[in-house]
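Working notes for the structure below.
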Amino acid sequence: MTEMVFGAAPTRAGEPILPRWWRTVDRWSLACILGLYAAGLLLGLAASVPLAEKNGLPAFYYVTRQAAFGGMALIAMLVISMMSPRQVRRIGVLGFIFAAAALLALPVIGTDFGKGAVRWISLGFASVQPSEFLKPCFVCLAGWFMASSQEVGGPPGKTYSFIATAVIVLLLAMQPDFGQASLILFSWCVMYFIAGAPMTLLAAVGGLTAAGGYLAYHSSEHFARRIDGFMAADVDPRTQLGYATNAIQEGGFFGVGVGEGTVKWSLPDAHTDFIIAVAAEEYGLVLVLVIIALYATIVIRSLTRLMRERDPFARIAGTGLACAFGVQALINMGVAVRLLPAKGMTLPFVSYGGSSVIASGIAVGMLLALTRTRPQGEIGDVLGRAGR
């Protein structure tokens, strides 16, 4: 009936899945994702060598593992990007159930690896961070709830999404992992705004978030220490922020040269949370701007394509995925230049870490799937015909 009223985008009967995927996927975003993966391997060749030497491992041990993790991430991305929005929604909901169960189990079977926050489940040969996989799955769940609330006689999906958000944010804050909790809350606010939330409600959520931050500062030594370090007038040169700031200043426009940087020998998280400092020191502002441009291209192109999307779930969930991806990168780089307090958040596809890279592959796979060109996929068809 919809096709009879509004028309349909032309399809090619019997077209194989791979040619159809290649014709409909956003190839610019796909190229940028591959560029970020390549940048991660390039920086890993420099940033992870000191850690391998410290642990008595081959020099490129962590680079090899990163390549393996990245390969799994790219496979997951390609497979998911070929799915329909309904299939993406299904795997998102199932993934949310498993990730939430793992998050609930952290107080019992989790470990902090000496970092002050219980975020990981150690498997012996590797570790898993449930919150990384929870993010894209949560966005799909919340997007499904919000889209269903727009249907005639639909359930109170916005209320359900708020309850799910409150529970997840509370669980993350208890680890404590305020960075991931803030990212989850931000994603929900963006999707709620797209779904038609009143500004007064979003303002109330902002007030509650500020109140929660005040309570966290006075009840969590881990949180207070990071805020105090960020607010201090001077940066202690022996801290991670101090090392990162000095490395960025030393790099200048073109860097000190490949392999000539020294910050990787001082920063314990040079290969993860502060890898952008390694990029700035050895390759200078040039590579940093290239990395920023890659992230910006993915986010802007995705949002542009979603503006024409008329499937409520694809539009809401896709916007949440794009914004979460971009803001996570913004937070990581903002911490390195001391625009934001330290949050322990990785740079998607660039930082070392199996959970981070594979979860990023799942997230961008969902995003590519939701931004593909599909029959009946653009709201412009409806508006154009309505104006005639």
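Results, tabulated for the structure shown:
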| quantity | calculated |
| --- | --- |
| Members of the range 300-310 found to be crowded, with 20+ Cβ neighbours inside 10 Å and either at pLDDT 90 or above or assigned to a loop (DSSP other than H, G, I, E, B) (or both), listed by number | Ser302, Arg305, Leu306 |
| From Ala47, Ala99, Ala68, Ala38, residue being at negative phi and in contact with a His (Cβ under 6 Å, 6 or more places away or on another chain) | Ala47 |
| Only one of Leu201, Leu170 that is closer than 27 Å to Gly344 by Cβ, in a helix (DSSP H, G or I) and either touching a residue at least 24 places away in the same chain (Cβ under 8 Å) or among the aliphatic types (A, V, I, L, M) (or both) | Leu170 |
| Qualifying residues in the range 246-298 (those that are of a type in the set (Asp, Glu) and out of contact with any Asp or Glu (no Cβ under 7 Å at 6 or more places or on another chain)) - the one nearest to Val357 (Cα to Cα) | Asp273 |
| Unique match (being surrounded by fewer than 24 Cβ atoms within 10 Å (Cβ to Cβ), among the aliphatic types (A, V, I, L, M), at pLDDT below 95 and in a loop (DSSP other than H, G, I, E, B)) among Leu340, Leu347 | Leu340 |
| Residue match in the range 317-324 (condition: farther than 30 Å from Met146 by Cβ and either surrounded by 18 or more Cβ atoms within 10 Å (Cβ to Cβ) or of a type in the set (Asp, Glu) (or both)) | no |
| Any hit, the range 168-185, residues being crowded, with 17+ Cβ neighbours inside 10 Å and over 20 Å from Gly213 (Cβ atoms) | no |
| Residues within the range 39-70 that are out of contact with any Ser or Thr (no Cβ under 9 Å at 6 or more places or on another chain), loosely packed, with under 14 Cβ neighbours inside 10 Å and small (Gly, Ala, Ser), tallied | 2 |
| Number of the condition not met by Ile97 [criteria: (1) at pLDDT 95 or above; (2) more than 30 Å from Ala166 (Cα to Cα)] | (2) |
| Helices (runs of 4 or more DSSP H) contained entirely in the range 48-133, each with at least 1 residues that are of a type in the set (A, V, I, L, M), closer than 20 Å to Val350 by Cα and free of Cβ contacts under 8 Å to residues at least 24 places away in the same chain | 49-54, 61-81 |
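The values are calculated or read from the model by the stated rules, or taken from the named source; none is laboratory data. Quantities reported herein were computed from a predicted structural model and do not represent experimental measurements. Using ideal geometry, Cβ is built from the backbone for each residue, glycine included, and neighbour counts are taken over all protein chains shown.
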